[in-house]
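This report concerns only the one structure given below.
The values are calculated or read from the model by the stated rules, or taken from the named source; none is laboratory data. Being a predicted model, the structure only gives us computed values, none of them experimental. Because the Cβ atoms are built from the backbone with ideal geometry, glycine has one as well, and the counts that use them run over all protein chains shown.
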Amino acid sequence: MKVAVIGTGYVGLVSGTCLAAWGHDVVCVDKDAQKIAGLQKAVLPIYEPGLADLVESNAAAGRLNFTCNLAEALAGAALVLIAVGTPARAGHGDADLSFVYMAARELAPHLETGAVVTIKSTVPVGTGDVVEKIIGSIRPSGSFSVASNPEFLREGVAVRDFLDPDRVVIGVEDERARKALMDLYRPPLEMRGTPIVVTRRRTSELIKYAANAFLATKITFINELADLCEEVGSDVGELALGMGLDKRIGASFLNAGPGYGGSCFPKDTLALLRTAQDHGVSLRLVEETVTANEARKRRMALKVIDALDGDVDGATIAVLGLTFKPDTDDMRDAPSVPLIETLQRFGANVRAYDPVGQENASRLLSDVEFCLDAYECVRGADAVVVVTEWESIRKLDLARVKRAMRQPVLVDLRNAVSHGVARELGFHVSAIGRSASA
Ligand code: NAD
């Protein structure tokens with residue numbers, strides 16, 4: 001099947017590439033000419049493990065093409081995936097749908113008769129209806145369908161998630177769309193028995209928000225329990241293990257940390273709340289999750305300040321890990337940003353290191369000294385703060401870290417390194433969900 005993918009970001013590029021790997025004939029289109037020029041030479045605009053090889057091999061096989069020309073991309077395409085961004089509208093919290101609506105207006109004149117336009121972007125309930133109206137107003141006599149197919153991939157393991165998903169959700173209003181999407185996902189269905197959940201369009205749109213809000217709530221639950229652990233002398237890691245082995249609960253998303261971030265949970269929880277408010281429904285659990293998470297992110301700086309006896313003015317703080325999680329270069333809504341900004345407001349000098357996120361981080365942060373590696377970062381520091389649990393940071397040689405620092409203070413916001421070893425070396429350790437110790 002020929003598929004056009006509009007938007008070549010984290011979701012569009014991974015989706016288009018993996019669809020090509022399944023044998024579909026894919027054209028990815030983006031407005032960003034620099035991105036497309038790079039992709040035409042197999043230079044990726046994002047860091048995502050395993051993606052570069054897959055782009056290269058599928059482009060070489062002629063199944064994956066990149067263009068800025070929408071008309072060219074849509075010629076002969078039976079299926080069009082919209083994978084443009086839907087960020088939170090500044091100051092409002094609801095999803096900014098301008099990119100989706102713009103894509104709908106732009107694609108309408110070039111749409112093949114009978115094509116299925118599928119919204120892969122995360123969009124509020126009813127967006128499919130609006131997209132259908134937009135296309136219908138430009139192509140009043142055109143025959144087309146609009147479907148929903150939310151994406152659940154996680155950055156860092158996106159290729160694996162797309163090729164071997166827990167489930168695929170498709171929301172359709174007619175048989176043509178159902179058939180096209182079943183054909184699209186036939187490879188994982190046949191090779192892996194992937195469950196395909198077929199719903200009406202509005203339910204599919206809501207499933208994505210419900211799933212993300214649930215996961216955000218689960219993270220916030222364990223984070224609050226971590227606070228209690230610190231007060232009562234329990235260990236949140238052991239607590240999570242004891243809880244998570246219960247199959248009804250599940251072990252994932254029970255890692256306490258500095259609060260969730262990233263390009264999805266913060267904006268999607270807010271957008272869901274806005275939808276609920278618009279319909280007079282109160283989602284109190286989600287409201288509390290959002291409030292608790294914001295407060296937590298702000299509190300993390302105080303944890304660092306406490307570890308330095310309440311004063312960071314003039315202190316040098318080494319921050320290890322900047323992205324919202326390991327194995328991505330995505331800095332959107334990363335907890336490292338409010339942490340660093342708050343420390344700077346209290347007078348700290350911040351040095352930072354991240355294996356791949358520094359370029360994106362440098363656009364969001366000012367007056368931070370970015371370092372070439374973790375050991376250079378901790379040189380002369382009064383405290384080292386672990387914010388993102390990259391494998392290389394987990395495996396740090398703590399003895400070497402201690403030798404390089406001015407004083408041995410470790411604040412581990414991910415419980416990523418061995419606190420036993422750190423303490424033996426003489427570090428003062430402040431962790432998440434464990435009592436601090438000298
Ligand atoms: P992104 O910002 O990385 O990519 C969006 C791309 O769309 C950009 O390259 C931009 O240039 C392009 N674009 C915008 N308007 C366009 C137009 N009219 N024509 C052509 N190209 C256009 O965004 P993303 O992270 O890939 O997210 C896309 C959607 O997928 C969002 O709704 C997001 O919520 C959802 N989603 C993201 C993830 C994730 O982990 N990033 C996971 C699941 C779902």
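From the set of residues in the stretch 253-274 that are more than 16 Å from P87 (Cβ to Cβ) and within 16 Å of the ligand (Cβ to nearest atom), which is farthest from the chain's Cα centre (by Cα)? Full working, then the answer.
Quick first cut of the stretch 253-274, residues more than 16 Å from P87 (Cβ to Cβ) only: 253-260.
Keeping just the survivors that are within 16 Å of the ligand (Cβ to nearest atom) gives 253, 260.
On the way: F253: 14, Y260: 10 Å.
Across the stretch 253-274, the extreme among qualifying residues is F253.
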(message) Taking the conditions exactly as written (in the same structural domain as R105 (by TED's automatic domain parsing) and either more than 24 Å from the chain's Cα centre (by Cα) or over 28 Å from F265 (Cβ atoms) (or both)), does L64 satisfy them or not?
(response) yes
(message) Just the residues that are out of contact with any Pro (no Cβ under 7 Å at 6 or more places or on another chain) and outside any helix (DSSP H, G or I), please, taken from the stretch 169-187.
(response) I170, G171, V172, E173, D174, Y185
(message) Please go through (1) more than 13 Å from the ligand (Cβ to nearest atom); (2) out of contact with any helix residue (DSSP H, G or I) (no Cβ under 8 Å at 6 or more places or on another chain); (3) among the small types (G, A, S) for G126 and return the number of the only condition it doesn't satisfy.
(response) (2)
(request) From R363, R379, R351, grab the single residue that is of a type in the set (K, R) and crowded, with 19+ Cβ neighbours inside 10 Å. (result) R351
(request) Go through (1) crowded, with 23+ Cβ neighbours inside 10 Å; (2) in contact with a Pro (Cβ under 8 Å, 6 or more places away or on another chain) and name the single condition E389 misses. (result) (1)
(request) Return the pairs, sorted by first residue and then second, in which the second residue is in a loop (DSSP other than H, G, I, E, B), the first residue lies in the stretch 327-339 and is of a type in the set (V, I, T), the beta carbons are less than 6 Å apart, and the residues are 6+ apart or on different chains. (result) T328/E155; T328/G156
(request) Only residues in the stretch 161-172 that are over 15 Å from T118 (Cβ atoms) count as the first member; pair them with residues that are of a type in the set (D, E, K, R) and in a helix (DSSP H, G or I), Cβ under 7 angstrom, at least 6 apart or cross-chain, and list the lot. (result) D164/R192
(message) Conditions first: (1) surrounded by fewer than 24 Cβ atoms within 10 Å (Cβ to Cβ); (2) within 10 Å of the ligand (Cβ to nearest atom); (3) more than 22 Å from A180 (Cβ to Cβ). F152 passes all but one, so which condition is the exception?
(response) (3)
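Do the conditions hold for E190, that is, is it surrounded by fewer than 21 Cβ atoms within 10 Å (Cβ to Cβ) and not in a loop (DSSP other than H, G, I, E, B)?
On the way: surrounded by fewer than 21 Cβ atoms within 10 Å (Cβ to Cβ): yes; not in a loop (DSSP other than H, G, I, E, B): yes.
Against the criterion (surrounded by fewer than 21 Cβ atoms within 10 Å (Cβ to Cβ) and not in a loop (DSSP other than H, G, I, E, B)), E190 qualifies.
Is there a residue being outside the structural domain of R298 (by TED's automatic domain parsing) and part of a helix (DSSP H, G or I) anywhere in the stretch 213-226? Full working, then the answer.
Within the stretch 213-226, the first condition is being outside the structural domain of R298 (by TED's automatic domain parsing), and the residues that meet it are none.
No, the conditions are met nowhere in the stretch 213-226.
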(message) One residue is enough: does the stretch 104-113 have a residue meeting the conditions farther than 20 Å from R178 by Cα, in a strand (DSSP E or B) and either touching a strand residue (DSSP E or B) at 6+ places or on another chain (Cβ under 9 Å) or among the hydrophobic types (A, V, I, L, M, F, W, C) (or both)?
(response) no
(message) I'd like to check which helices (runs of 4 or more DSSP H) are fully inside the stretch 1-101 and have at least 3 residues that are more than 15 Å from the ligand (Cβ to nearest atom).
(response) 51-60
